[in-house]
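Chemist: Before we start, here is the structure in question, set down as structure tokens.
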Amino acid sequence: MSKTIVVIGAGPAGLACAHRLLERGDFKVILIEKASFVGGLGGSFNWKEHILDFGPHAFHTKGGEPESLVRNLFKDDPENLIMGRKKVSVYLRSKFYKYPLQVGEVFRKFNPLLSIRILVEFIFTSIVHALVAIPIENFEIWGNKRFGRKLYRLGFGDYTEKVWKTKTSDISAKFAPAKIQGFSFIHFVKKLFKIGGEVTEPYFQTWLYPKMGSAELYRRLASKIEEKGGSIILDAEISYISHNNGKAECVEYTRNGEKVSIKTDYVISTIHLGHLGNLLVPEPPFIASHHFQKLKYISLIVVYLELNIDKVSDMHWFYLLDKSFQFNRVAEQKNLCKDTFKSNKTVLSMELTCRHGDELWNMGDEELINMAKEDITKIPIIDAGLVSGAIVKRFPNAYELYYKNFDKHADISLAYVNSIEGLFSVGRRGLFLQGDQYQSVEMGLEIGNILLQKDITDISANEYYKKYVRYVDEI
Ligand SMILES: Cc1cc2nc3c(=O)[nH]c(=O)nc-3n(C[C@H](O)[C@H](O)[C@H](O)COP(=O)(O)OP(=O)(O)OC[C@H]3O[C@@H](n4cnc5c(N)ncnc54)[C@H](O)[C@@H]3O)c2cc1C
């Protein structure tokens with residue numbers, strides 16, 4: 001008889017895993033999703049005549065299986081999958097700069113005294129670090145060493161504190177390699193003095209995007225899963241995952257007030273690692289529970305402002321680096337794909353982070369919309385008078401917070417999950433990562449491949465975890 005596999009979460013990772021299991025194996029696959037739609041954070045919604053993502057979601061391209069999977073979903077109508085290059089900027093001290101930063105532009109636009117100060121501080125810090133072994137204990141020390149104090153503060157420090165609502169001295173240095181890519185100040189300085197240096201582009205500069213919004217990709221993947229006999233149960237929240245004698249045994253979910261339990265051979269969880277700990281029955285021993293509880297998240301509020309204008313700029317995203325802005329990032333989805341808009345209007349998605357349940361989280365929609373309008377009045381290219389509508393969406397625990405020692409908490413939590421045979425925690429949420437959709441799809445496909453191996457009980461998840469859970473060894 002074919003084995004039963006319950007996949008929790010129909011986001012990119014869960015859908016990719018279910019797809020791989022059904023495409024190549026003979027399993028009974030049941031996907032359980034608490035939302036009323038598939039795609040997780042990669043989903044979209046309709047508002048007025050627009051299709052909006054939860055923050056525009058471009059599927060980054062770097063070849064390999066995840067990209068082929070996406071392209072294959074559109075093999076009969078390739079015209080509905082568009083490609084592009086990212087246009088990202090930062091807005092700093094009333095000026096826009098291309099991101100990654102370009103040496104010529106920075107020194108042309110920065111005040112000369114500031115440029116000199118940045119260079120002097122960088123040289124001084126480099127000498128200090130060469131002479132004295134200063135342990136890189138947190139993100140602030142990492143940033144000061146890498147960029148010098150002023151540039152670090154202007155370009156990364158203030159913004160990081162604004163987004164993560166945490167002092168950078170309390171953020172792990174391991175946050176840096178996970179988040180800051182494609183910008184090396186030493187290469188930047190070498191370029192300035194024309195002694196070499198390259199500006200390496202992050203791989204996520206090129207992307208694919210469905211004309212019907214990001215969710216279309218996941219709707220198509222879900223249809224394939226159902227065609228192959230998989231079940232997708234929406235609006236269903238997991239109440240517990242039980243294990244017996246060290247082996248995963250049963251998953252119970254609640255739907256429309258009714259409890260349903262499924263006896264299962266394997267459970268693939270793609271939900272927040274910290275939350276998974278709360279769902280296990282019997283509950284983890286005190287030490288393990290403590291580490292699950294210590295995993296912290298930051299929540300996201302997106303205010304969508306509709307403007308009565310064809311478009312505001314050519315940029316896909318721009319970051320509001322100055323502390324004077326409440327919001328972190330502004331995206332204009334129309335520049336990724338104009339087909340998601342049926343009128344001559346555009347929508348700016350404005351992202352604001354907070355802690356779940358704090359003052360910002362509990363603020364009313366009108367107040368948040370006014371805050372967003374206040375921020376745009378400080379940006380000369382946007383005319384706040386053109387706002388013709390607004391809607392607010394809230395996403396609890398959208399980002400994993402790399403607070404100091406987070407790696408120990410995640411490592412021990414994962415070790416506990418791994419001690420339960422047949423239970424795997426995967427995906428961005430499941431492994432406490434900072435990754436993108438590409439990586440979550442890849443992780444979903446790979447865990448599917450592992451389960452396809454003949455003697456599943458003997459496989460160790462070690463190689464898998466070693467590949468993705470890099471924060472345990474890095475730095
Ligand atoms: C604002 C923003 C913009 C982004 N932009 C991009 C971008 O442009 N490109 C890109 O590649 N990536 C982007 N990302 C990252 C991308 O969203 C994630 O990498 C991706 O969604 C992770 O997929 P996942 O399947 O691991 O997790 P998720 O997408 O979070 O999916 C997890 C699923 O589990 C479900 N779930 C949770 N708890 C339960 C429960 N108890 N019971 C049942 N179901 C449950 C959730 O509802 C969700 O559907 C962005 C993220 C954000 C927040």
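The values are calculated or read from the model by the stated rules, or taken from the named source; none is laboratory data. Remember, predicted model here, so these are calculated numbers, not experimental data. Cβ coordinates were reconstructed from backbone atoms using ideal geometry, including for glycine residues, and neighbour counts include every protein chain displayed.
Chemist: Taking residue 300, is it surrounded by 21 or more Cβ atoms within 10 Å (Cβ to Cβ) and either of a type outside the set (Asp, Glu) or within 16 Å of the ligand (Cβ to nearest atom) (or both)? Before you say what the answer is, go through the steps one by one.
Modeler: Working: surrounded by 21 or more Cβ atoms within 10 Å (Cβ to Cβ): yes; either of a type outside the set (Asp, Glu) or within 16 Å of the ligand (Cβ to nearest atom) (or both): yes.
Here the answer is yes, as residue 300 does meet what is asked.
Chemist: Okay, moving on. From the residues in the range 201-220 that are touching a Leu at 6+ places or on another chain (Cβ under 7 Å) and within 11 Å of the ligand (Cβ to nearest atom), which one is nearest to residue 41 (Cα to Cα)?
Modeler: It comes out as 218.
Chemist: Give me the pairs, please: first residue somewhere in the range 96-120 and touching a residue at least 24 places away in the same chain (Cβ under 8 Å), second residue anywhere and assigned to a loop (DSSP other than H, G, I, E, B) and among the polar types (S, T, N, Q), beta-carbon distance under 8 Å, and either six or more positions apart or on two chains.
Modeler: Matching pairs, first to second residue: 100/200.
Chemist: Residues that are away from the ligand (no atom under 15 Å from the Cβ) and among the acidic types (Asp, Glu): which strands (runs of 3 or more DSSP E) entirely in the range 1-64 hold 2 or more of them?
Modeler: On the way: elements: 3-8, 27-32, 44-47, 50-53.
So the answer is none; nothing clears 2.
Chemist: Taking residue 134, is it more than 26 Å from the chain's Cα centre (by Cα), at pLDDT below 85, of a type outside the set (S, T, N, Q) and over 24 Å from residue 206 (Cβ atoms)? If you could, list the steps in order and put the result at the bottom.
Modeler: Working: more than 26 Å from the chain's Cα centre (by Cα): yes; at pLDDT below 85: yes; of a type outside the set (S, T, N, Q): yes; over 24 Å from residue 206 (Cβ atoms): yes.
Criteria met by residue 134.
Chemist: Just to be sure I understand, how many residues within the range 218-259 are in a strand (DSSP E or B) and without any contact (Cβ under 8 Å) to a residue 12 or more places away in the chain? Walk me through it before giving the result.
Modeler: Taking the range 218-259 as the starting set, the residues that turn out to be in a strand (DSSP E or B) are 231-233, 237-244, 247-255, 258-259.
With without any contact (Cβ under 8 Å) to a residue 12 or more places away in the chain added as a condition, the list becomes 244, 258.
Residues in the range 218-259 being in a strand (DSSP E or B) and without any contact (Cβ under 8 Å) to a residue 12 or more places away in the chain: 2 in total.
Chemist: Can you confirm whether the range 103-110 contains a residue that is within 16 Å of the ligand (Cβ to nearest atom) and more than 30 Å from residue 345 (Cα to Cα)? Explain how you work it out, then say what you get.
Modeler: Of the range 103-110, the ones within 16 Å of the ligand (Cβ to nearest atom) are none.
No, there is no match, as no residue in the range 103-110 is within 16 Å of the ligand (Cβ to nearest atom) and more than 30 Å from residue 345 (Cα to Cα).
Chemist: Name the helices (runs of 4 or more DSSP H) wholly inside the range 311-428 in which the number of residues that are of a type outside the set (Val, Ile, Thr) and within 27 Å of residue 207 (Cβ to Cβ) is 1 or more.
Modeler: Working: elements: 359-362, 365-377, 406-418.
Those helices (runs of 4 or more DSSP H) span 365-377.
Chemist: State whether the residues of the range 393-400 include one that is crowded, with 22+ Cβ neighbours inside 10 Å and over 16 Å from the mean Cα position of the chain (by Cα). Steps first, please.
Modeler: So in the range 393-400, the residues crowded, with 22+ Cβ neighbours inside 10 Å come out as 400.
Adding the requirement that they be over 16 Å from the mean Cα position of the chain (by Cα) leaves none.
Looking for residues that are crowded, with 22+ Cβ neighbours inside 10 Å and over 16 Å from the mean Cα position of the chain (by Cα), one finds none in the range 393-400, hence no.
Chemist: Being away from the ligand (no atom under 12 Å from the Cβ) and of a type in the set (A, V, I, L, M) is the filter here, so list the residues in the range 240-279 that pass it.
Modeler: Those that are away from the ligand (no atom under 12 Å from the Cβ) and of a type in the set (A, V, I, L, M): 248, 260, 262.
Chemist: Restricting the search to the range 407-434, which residues are surrounded by fewer than 20 Cβ atoms within 10 Å (Cβ to Cβ) and under 15 Å from the mean Cα position of the chain (by Cα)?
Modeler: Residue satisfying the conditions is 434 alone.
Chemist: Taking residue 262 as the residue in question, decide whether it is among the aliphatic types (A, V, I, L, M) and not in a strand (DSSP E or B). Talk me through it step by step, then tell me what you get.
Modeler: On the way: among the aliphatic types (A, V, I, L, M): yes; not in a strand (DSSP E or B): no.
The answer is no for residue 262.
Chemist: Is it true that some residue in the range 371-383 is at pLDDT below 95, of a type in the set (Ser, Thr, Tyr), out of contact with any Cys (no Cβ under 7 Å at 6 or more places or on another chain) and surrounded by fewer than 21 Cβ atoms within 10 Å (Cβ to Cβ)?
Modeler: For the range 371-383, residues at pLDDT below 95, of a type in the set (Ser, Thr, Tyr), out of contact with any Cys (no Cβ under 7 Å at 6 or more places or on another chain) and surrounded by fewer than 21 Cβ atoms within 10 Å (Cβ to Cβ): absent.
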